[in-house]
Amino acid sequence: QQQVRQSPQSLTVWEGETAILNCSYEDSTFNYFPWYQQFPGEGPALLISIRSVSDKKEDGRFTIFFNKREKKLSLHITDSQPGDSATYFCAAGGGNYKPTFGKGTSLVVHP
Amino acid sequence: ETAVFQTPNYHVTQVGNEVSFNCKQTLGHDTMYWYKQDSKKLLKIMFSYNNKQLIVNETVPRRFSPQSSDKAHLNLRIKSVEPEDSAVYLCASSPGTGSQNTLYFGAGTRLSVL
C-alpha cells in the first residue's frame, strides 16, 4: 500500500522556469510533510517542511502549497537553477515511528 | 556539514559472503535508522533504534541484523549476501522517535553483489 504518491516521476525545466512537484497522501493522521532533496552520491537532506495547520510555507525560491481537504501538496521551485537538479522526496509523518516516503521526482534543470 | 558518517562508501562482494556497514552520528540524537535505497531510488526503512533499543523492525530477510553499541552508533550486518541485496544502504538519525522528526542521512554505502 503506497500511502504517499508523487508525480511526475521525472520533470525537466529550463533555467528560470518554475518547477512544480506534486504529492498526495492517504492517511488522514499525517500532519507533518517534509520534502527531502537528494543529489547523486549523497543522502537525502531536508529542504523544507510544512505542518498541516498551515496551507503555505515559503523558504526563498521553494514554496510548499498544502490542501488538507484534498490531501494534496506541491513543491514549487521558482527561478529554477541547474544546481536544483536532484531527486525530491515528499514524506509524511503523523505519530508513528516510521516516516513514509514517496517514490521521488527526478528534476533536471537545463541551462 | 556531514554529521552522519558511514563506512565504507562502496563495497563489492560475492554471493554468500558476509558484510558489515558502520554508521556514526555526532548530532547527539537518540534515534537511528537504516534505509535501503534501490536502483529506482525507492527508500525503504529497515530498522530503527532509540537509545540502543530496537523500535522498528520491518519485514527484512533474517540475514540482515542491526547492531547498536551506543546511541551514536548503528551498524548493519548482512550474513550470506544475495544479488537482490545490491543497493545503497543509508543510515540516518533523528532527535526523537516520532515520524515528525527530521531525518539526517549519511552519504550511504553502495553494495554490489556479484
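What percentage of all Cα-Cα pairs in chain A are separated by more than 19 Å? The partial results should precede the final answer.
Numbers: 2405 of 6105 pairs.
Everything past 19 Å amounts to 39 percent.
Please work out the C-alpha center-to-center distance from region B:50-99 to region A:1-21 and express it in whole Å.
What the calculation gives is 30 Å, centre to centre.
Note the direction-averaged projected area, equal to a quarter of the hull surface, for the Cα convex hull of the protein assembly as shown, in nm². Please report the intermediate quantities before stating the final value.
Values: hull surface 48.8 nm².
Dividing the Cα hull surface by four gives the mean projection, 12.2 nm².
How far apart, in nm, are the 7 Å Cα→Cβ label points at B:R63 and A:K68?
With each label point 7 Å from Cα toward Cβ, the separation is 4.7 nm.
Say each of A:R51 and B:K41 gets a label point 7 Å from the Cα, pointing the same way as Cα to Cβ; how far apart are those two points in nm?
Those two pseudo-labels are separated by 2.9 nm.
Return the FRET efficiency for the residue pair B:V12, A:S7: r is the Cβ-Cβ distance, R0 is 41 Å, and the value is rounded to the nearest 0.05. Don't skip to the end; give the middle numbers.
On the way: r = 35 Å, r/R0 = 0.86.
Here the calculated transfer efficiency is 0.70.
Just grab the label-to-label distance for B:L114 and B:K52, each label 7 Å out from Cα along the Cβ direction, in nm (one decimal).
The modelled label-to-label distance comes out at 3.9 nm.
Write out the trypsin sites (Lys or Arg not before Pro) in region A:18-69 meeting two conditions: DSSP loop, and at most 11 other Cβ atoms within 10 Å of their Cβ. Spell out each step's value before the answer.
Working: sites: A:R51, A:K56, A:K57, A:R61, A:K68, A:R69; in loops: A:R61, A:K68, A:R69.
Counting only loop positions with at most 11 other Cβ atoms within 10 Å, the trypsin sites (Lys or Arg not before Pro) in region A:18-69 are A:R69.
Where a number appears in this text, it was derived from the coordinates with a stated rule and is not lab data. No experiment lies behind these values; they were computed from the predicted model shown. Glycine also receives a Cβ, built like all others from the backbone with ideal geometry; neighbour counts cover every protein chain displayed.
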